[in-house]
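Enquirer: Sharing a structure with you now.
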Amino acid sequence: MNRTAMIRAMQVAAVAMLAFVAPSALAQKSKASIPWVSSLAKAKKTAAKQNKPMMVDFSAEWCPPCKAMKASTWKDGQVIERAKRFVPVLIDIDKQRKATDDAKVTAVPTIVFYTSKGKEILRAEGYRDVKGILDLMAEAEKKARS
């Protein structure tokens, strides 16, 4: 292999590596975490007392997109910071069937936002990356204020 071909191969390899490394490097993983509440009843009381909207993540241990969000989206520093504006609730659909049924959840993950009074204001199904969840949170905040 001549020198030019070797340099070209190294450039291609470097670009390929960046394609895999860059997305994870862009996520601001934090050692902090979202203080999830597992009781919807307790969350409703807290939301009313603090006048904060609720963000409820209906999830399952066996769900690959849920696991992906748990490993990346929910660990992002911006997401953790924005979550402080909500009462965050994590519901395992297999362990909390009544809450799941009451919310009419038919797919996981499902994120449902409620006002501090318990009125649903926004719902999204499926995996959300950092930008996607931040956009949802911003929309939920806007709807909660109106």
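The values are calculated or read from the model by the stated rules, or taken from the named source; none is laboratory data. In this text the structure is predicted, and so the values were computed from the model without any measurement. Cβ: placed from backbone, ideal geometry, glycine included. Neighbour counts: every protein chain shown.
Conditions (1) among the polar types (S, T, N, Q); (2) more than 18 Å from Ala48 (Cβ to Cβ); (3) free of Cβ contacts under 8 Å to residues at least 40 places away in the same chain, marked per residue:
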residue	(1), (2), (3)
Ile80	no, yes, no
Leu90	no, yes, no
Gln96	yes, yes, no
Thr100	yes, yes, no
Val112	no, no, no
Gly126	no, yes, no
Glu139	no, yes, yes
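Enquirer: Something else now. Scan the stretch 70-81 residue by residue and report those that are assigned to a helix (DSSP H, G or I) and surrounded by 19 or more Cβ atoms within 10 Å (Cβ to Cβ). Talk me through it step by step, then tell me what you get.
Expert: If we filter the stretch 70-81 for residues that are assigned to a helix (DSSP H, G or I), which is where we start, we get 70-71, 73-75, 77-81.
Correct list: Thr73, Trp74, Lys75, Val79, Ile80.
Conditions tested, residue by residue: (1) crowded, with 18+ Cβ neighbours inside 10 Å; (2) modelled with pLDDT of 95 or more; (3) outside any helix (DSSP H, G or I); (4) out of contact with any helix residue (DSSP H, G or I) (no Cβ under 8 Å at 6 or more places or on another chain).
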residue	(1), (2), (3), (4)
Arg85	no, yes, yes, no
Ile91	yes, yes, yes, no
Lys98	no, yes, no, yes
Asp101	no, yes, no, yes
Lys104	no, yes, yes, yes
Ala107	no, yes, yes, yes
Ile111	yes, yes, yes, no
Met137	yes, yes, no, no
